[in-house]
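What follows is one structure encoded as structure tokens, with my remarks underneath.
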Amino acid sequence: LVRMGVTRQLLGDLEAAQSAFYEALAIRERLHDEMGLAEVLNNIGSIHQFQHSFAKAREYYDRSLHIRERLNQPREVAKAWNNFGALYEDQGMPDSAMLFHRRSLAIWQELDDPVWTGLSYLHIGNCHEKIGRIDSATIYLRQSAALLKANNNRYLMVLASASLGNTLRSAGRRAEALEWCARALREAETLGTVPLQQKACECLYRTYGE
């Protein structure tokens, strides 16, 4: 049921996904399966977040987090803090989002997980950019791109490169912005991922237009 729900969510059929997740939730509760319960609660939270039902998303994320903490699952707790950060980013609250992303980052650094550390740097950099702290944003995004490249996570590296290009454009550093946007596009084309190519093209288009 959980797999079915995830598949439906990826296909954009949120109603079917939500139905599958709630059915899975009832089963996990009957079985007293706390690990499975935490997973399903998180999935339901993500549906509510996508629907911009932010209070409901926070409710389900909170329930999932409390179980993860009780079960002493640091990786899952770090992912939960990342979700909270994304939730506040979606609400246009980058200051609050950054607090959660920093909590997530601290755990990933302690666990010595370079990819998730790179993702946290990406989120924190984007939060700085939204607040207007361009220098800080640039530092974090450069660290993110370098770390993700070193660990061969090309998908996230494209996101970091495009974000860095947009940030440099905001700072008036057009030549550097073009370099990073072009780098993002080249990598996206090798991956053959259309949404990534669109993101990189938007970065280039905006920079050329200035």
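A few remarks follow.
- Inter-label distance, nm, simple model (7 Å from Cα along the C-beta direction), I131/A171: 1.6 nm
- Computed from the Cβ-Cβ distance with R0 of 30 Å, the FRET efficiency linking V115 to Q91 stands at 0.70.
- Each stretch of four or more DSSP H residues adds -39500 (n - 2.57); spread over every residue of the chain, this sum gives -28500 deg cm²/dmol at 222 nm.
- Segment 16-92 shape via C-alpha gyration tensor axes, a/c threshold 1.5: oblate
- Rounded accessible area per residue of the chain, 1.4 Å, Å²: 51 Å²
- Approximating the spin labels as points 7 Å out from Cα along Cα→Cβ, the L71-to-V194 distance works out to 3.6 nm.
- Distance between the pseudo-spin-label points of F54 and D33 (7 Å out from Cα toward the beta carbon): 3.3 nm.
- Percent carbon-and-sulfur accessible area, segment 133-189, ignoring ligands, DNA and RNA, probe 1.4 Å: 48 percent
- Inter-part distance where segment 145-210 and segment 48-70 are each reduced to a Cα centre, Å: 31 Å
- Taken about its Cα centre, segment 97-210 carries a charge dipole of roughly 200 debye when the Cβ of each Lys and Arg holds +1 and the Cβ of each Asp and Glu holds -1.
The values are calculated or read from the model by the stated rules, or taken from the named source; none is laboratory data. Owing to the predicted nature of the structure, the values given are computational and were not obtained by experimental measurement. Every residue, glycine among them, receives a Cβ derived from its backbone with ideal geometry; neighbour counts consider all protein chains shown. Side chains are part of the model used for accessible areas, which takes the heavy atoms of the whole protein and leaves out ligands, DNA and RNA. Shrake-Rupley method; radii C 1.70, N 1.55, O 1.52, S 1.80 Å.
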